[in-house]
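> Can you keep this structure in mind? I'll have questions shortly.
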Amino acid sequence: MPREHTPRVIGNRVLLTLWLAAAIGVALLPFATLSPNRLVSGQPVMLWQALPGWQLGALGLIAAGLLLAALARGLASRTACWLGLALTLPLLGLTLFALGDYAQRALAEASPAARVSQGGAFWLLLLAAALIAVDALQRLRLALLARALFALLALGLIGACLASDLLAPLSLMREFANQRDIFVAQGLRHLALVGGALLPALALGLPLGLVATRSRRWRDGLFSVLNVFQTLPSIAVFGLLIAPLAALAHAVPWLGELGVSGIGVAPAIIALVLYSLLPVVRNTYAGLAGVPATTLEAARGMGMTSRQILWRVGLPLALPVILSGLRIVTVQAIGLTVVAALIGAGGFGAFIFQGLGQYAIDLVLLGAIPTIVLAVIADFLLQLLVAASRPPGTR
Amino acid sequence: MIELQGLTKTYAGKRVVDDVSLTLQSGEFGVLIGPSGCGKSTTLKMINRLIPLSEGRILINGDDVTQLPVEQLRRRIGYAIQSTGLFPHWSVARNVATVPQLLKWPKARIDDRVDELMTLFQLDPAEFRDKYPHQLSGGQAQRVGVARALAADPEVLLMDEPFGAVDPLTRETLQAEMRRVHAQTGKTIVFVTHDMDEALALATRIALLNGGRLVQYERPIEMLVDPADDFVREFIGQADLGLKLLSRRFVHQYQRRARLAPETGLERLDEHAWLVDAEGRPSALAGARLDDADAITRVKPEWIATPEMSMKEALSRMVWYRVTALPVVDRDGRLIAEVGMPGVMGIEGDGAAREAAS
């Protein structure tokens, strides 16, 4: 065995890199900031200033465990991966708890207007925990279901922290408490916009993808038009739609009564549909075109009708590719909907632009964090769906 | 019965199939053969209308194929192709059940039929029913492909180079199996190949095409013995014509009574003779070795012949193992006759052989 001749020290480069990055981040960046009021930028508080001794000790133990998992000696590589994975949960929990705990103590002796916000080191620790978990899950080659269970566990932990009063003293959570009703409304609006764009995009895109497989001429024209949409900047499209839609609503009053206007939901959904079409059409086409010609010839030779060939052979074999397209489009639409807030469509983007205008970074985060969480969850769920749609014979 | 009458296919003014007329009687195994681009595949695909014909008529049991609804027609015609075309997302059982399901047979009848066909192709239903095509070997997948084509008991079976993509050894096994299935089911088969040996192994009728035209339509041995023109002669291949003839002749036609060796005096034999064991299986051959005519040679399983074996294969074994006679055994491995060089030369065997042949 070559390993015996040249003993390796590092077992998991990714884990070690993440460990070092987090350590450097914690050394250089503040864990939290303390400011006298909402609008003034605050005093940086480093990790060792914010955490009491027992929390620092616990963090040190976790760090030591992770370092052990990163090194080749002492542990089998699979055990090391399991150790790394297992330690991400206490790391996540401790980071959240430490911040809430610090905010509680700091605010007890400060003025009522004072605020505690999370700092760079806090985010880095969370990011490190997430990436270490992803890396370990990948190395362990766990089934998708096991990954889903772990993700659920981590989400449950975060959810429990949010539900309890632990994080309530944080500036971000106070902002949330102030905006709770609007937050829920904007969240629903965000989902409605995404759903309202995806349904028409599928309803249009699937048949168009089918048309693309049937006729070369249609395919070339279709893809060049859809490519143009894809290259236009989203803000430009939102802007470009204002004038024609306003004119349309003016010319056809019943459309205006239905809610069509230059700004708001109508242009947002139209733009999102336009952006979603290309991936849907392209993946539908690619999926159907990828069905082997001999399979189709056999189906025809057996006496299947065109419709039976499509439903029994073409679509089942193309489904994983089509759903991959849906996955791209869903994540893309969740992100683009943020921009739609600029033309008054609402959604989480509204917080972001409001926060940017007021220079209230907590408000920006209030919009940005749920958008990211939404995108990650949607991506994961659709990944599950893609895996489930793979026919048993081709898995 | 399949009748092609003046069948013609024109692509952009070029006649790729040109006025082909032939009749294949029910139960015959017709092989369409010719060089690449001779129109053999096009001809086949016009029969189930995967390619529309330009001129002429095709009749199946008297019905003009263009008069039937196309899907209905295809469900009456089995179709097997190269690289199987199995549906990768369906189990073996569901693949085989394709056409019966299209015809809406009741489930119990479909299940019975699937088991019956898998057994016919020597695929154990218990083992293979729920497998997926990617779990099968090339030969198994091809068997499933042919079983699927036969599922709804079609009047006619079309096969488009079905064994083109499998290795030579598997191909020979599949050909033997196809011969057996044809004999058992009595289907009318149209089979496309570019391989003359395959055609000779399978066909009861060979149609040789060249440049879209039918050059000769004849029984295999007649085509070998009496080729219509130089093209046919060249296509068959003059050099190993004798071997090709042997591939259409079978051991049971040429086997002779085997002489058993006496208990004693082996060394004084003037002719070769066989030693058998207590169960009657051949154990050794005295004499008949090329290098040492007096030697006693232990019988090896590799140079035993069966009545169904082609004379070409028998000859090959004789040459390879340097013996001038092979023992012919029955299913239980008992010595029933022998086949030797006189048989290879086309000299008929004796009464026992003719009895076995009938």
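The values are calculated or read from the model by the stated rules, or taken from the named source; none is laboratory data. Owing to the predicted nature of the structure, the values given are computational and were not obtained by experimental measurement. Ideal geometry is used to build each Cβ from the backbone, glycine not excepted, and the neighbour counts take in all protein chains shown.
> Filter region B:204-234 down to residues that are out of contact with any strand residue (DSSP E or B) (no Cβ under 9 Å at 6 or more places or on another chain) and more than 16 Å from residue B:246 (Cα to Cα) and give me whichever is surrounded by the fewest Cβ atoms within 10 Å (Cβ to Cβ).
Checking each candidate, the answer is B:230.
> Now a separate question. In this structure, is residue A:367 within 14 Å of chain B (Cβ to nearest Cβ) and buried (at least 22 other Cβ atoms within 10 Å of the Cβ)?
Values: within 14 Å of chain B (Cβ to nearest Cβ): no; buried (at least 22 other Cβ atoms within 10 Å of the Cβ): yes.
No, not satisfied.
> Quick one: which helices (runs of 4 or more DSSP H) lie wholly within region A:223-322 and hold at least 1 residues that are modelled with pLDDT under 90 and more than 14 Å from chain B (Cβ to nearest Cβ)?
Because the criterion is at least 1 residues that are modelled with pLDDT under 90 and more than 14 Å from chain B (Cβ to nearest Cβ), the helices (runs of 4 or more DSSP H) in region A:223-322 that meet it are A:234-251, A:253-257, A:265-289.
> Going through region B:113-144 one residue at a time, which ones are in contact with a helix residue (DSSP H, G or I) (Cβ under 6 Å, 6 or more places away or on another chain), in contact (Cβ under 8 Å) with a residue 60 or more places away in the chain and away from chain A (no Cβ under 14 Å)?
If the condition is that a residue be in contact with a helix residue (DSSP H, G or I) (Cβ under 6 Å, 6 or more places away or on another chain), in contact (Cβ under 8 Å) with a residue 60 or more places away in the chain and away from chain A (no Cβ under 14 Å), then B:121 is the only one that fits.
Table: residues versus (1) within 14 Å of chain A (Cβ to nearest Cβ); (2) in contact with a helix residue (DSSP H, G or I) (Cβ under 8 Å, 6 or more places away or on another chain); (3) surrounded by 21 or more Cβ atoms within 10 Å (Cβ to Cβ); (4) charged (D, E, K, R).
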position	(1), (2), (3), (4)
B:152	yes, yes, yes, no
B:161	yes, yes, no, yes
B:167	no, yes, no, yes
B:180	no, no, no, yes
B:189	no, yes, yes, no
B:198	no, yes, yes, yes
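> Answer yes or no: is there a residue in region A:130-148 that is under 19 Å from the mean Cα position of the chain (by Cα), more than 22 Å from residue A:16 (Cβ to Cβ) and buried (at least 17 other Cβ atoms within 10 Å of the Cβ).
Scanning region A:130-148 turns up at least one residue that is under 19 Å from the mean Cα position of the chain (by Cα), more than 22 Å from residue A:16 (Cβ to Cβ) and buried (at least 17 other Cβ atoms within 10 Å of the Cβ).
> Of the conditions (1) surrounded by fewer than 21 Cβ atoms within 10 Å (Cβ to Cβ); (2) in contact (Cβ under 8 Å) with a residue 24 or more places away in the chain; (3) hydroxyl-bearing (Ser, Thr, Tyr), residue B:98 satisfies every one except a single condition; which number is it?
Unmet condition: (1).
> Suppose we keep only residues that are assigned to a helix (DSSP H, G or I) and more than 7 Å from every other protein chain (Cβ to nearest Cβ) within region B:101-111. Which one would you say is surrounded by the most Cβ atoms within 10 Å (Cβ to Cβ)?
Here the residue is B:110.
> Now, a different point. Can you name the condition, by its number, that residue B:23 falls short on among (1) hydroxyl-bearing (Ser, Thr, Tyr); (2) free of Cβ contacts under 8 Å to residues at least 24 places away in the same chain; (3) within 14 Å of another protein chain (Cβ to nearest Cβ)?
Every condition holds for residue B:23 apart from (3).
> Of the conditions (1) modelled with pLDDT of 90 or more; (2) under 25 Å from the mean Cα position of the chain (by Cα); (3) within 24 Å of residue B:3 (Cα to Cα), residue B:36 clears all except one; give me its number.
Checking residue B:36 against (1) modelled with pLDDT of 90 or more; (2) under 25 Å from the mean Cα position of the chain (by Cα); (3) within 24 Å of residue B:3 (Cα to Cα), the one that fails is (1).
> Check A:75, A:34, A:87, A:67 and return the single one that is assigned to a strand (DSSP E or B) and surrounded by 14 or more Cβ atoms within 10 Å (Cβ to Cβ). Can you show your working first?
On the way: A:75 fails: assigned to a strand (DSSP E or B); A:87 fails: assigned to a strand (DSSP E or B); A:67 fails: assigned to a strand (DSSP E or B).
Criteria check complete, one pass: A:34.
> Moving on to the next point. Sort out which residues of region B:200-213 are within 25 Å of residue B:137 (Cα to Cα) and modelled with pLDDT of 90 or more, and write them in order of number.
First, pick out the residues of region B:200-213 that are within 25 Å of residue B:137 (Cα to Cα): B:201-202.
Within region B:200-213, no residue meets the criteria.
> Sticking with this one: Can you name the residue in region B:43-98 that is within 10 Å of chain A (Cβ to nearest Cβ), outside any loop (DSSP other than H, G, I, E, B) and touching a Ser or Thr at 6+ places or on another chain (Cβ under 7 Å) and is also nearest to residue A:302 (Cα to Cα) among such residues?
Out of the qualifying residues, it is B:71.
> In region B:248-263, is there at least one residue being at pLDDT below 80 and closer than 30 Å to residue B:218 by Cβ?
Taking every residue of region B:248-263 in turn, at least one turns out to be at pLDDT below 80 and closer than 30 Å to residue B:218 by Cβ.
> So, of the residues in region A:98-126 that are without any contact (Cβ under 8 Å) to a residue 40 or more places away in the chain and either closer than 26 Å to residue A:85 by Cα or not assigned by TED's automatic domain parsing to the domain that holds residue A:34 (or both), which turns out to be surrounded by the most Cβ atoms within 10 Å (Cβ to Cβ)?
Narrowing region A:98-126 to residues without any contact (Cβ under 8 Å) to a residue 40 or more places away in the chain: A:105, A:108-109, A:112, A:123, A:126.
Subset that is either closer than 26 Å to residue A:85 by Cα or not assigned by TED's automatic domain parsing to the domain that holds residue A:34 (or both): A:123, A:126.
On the way: A:123: 14, A:126: 18.
By that ranking, first place goes to A:126.
> Tell me, which helices (runs of 4 or more DSSP H) lie completely within region B:150-225 with 3 or more residues that are within 30 Å of residue B:64 (Cβ to Cβ)? Break it down stepwise before answering.
Values: elements: B:168-185, B:196-202, B:220-225.
Counting at least 3 such residues, we get B:168-185.
> Identify, please: which residue in region A:378-395 is loosely packed, with under 15 Cβ neighbours inside 10 Å and without any contact (Cβ under 8 Å) to a residue 12 or more places away in the chain and is, among those, nearest to the other protein chains (Cβ to nearest Cβ)?
Residue satisfying both the conditions and the ranking: A:392.
> Which residues, counting only those in region A:348-384, are assigned to a loop (DSSP other than H, G, I, E, B) and within 30 Å of residue A:144 (Cβ to Cβ)? Walk me through it before giving the result.
First pass over region A:348-384, keeping only residues assigned to a loop (DSSP other than H, G, I, E, B): A:348, A:359-360.
Passing the criteria: only A:348.
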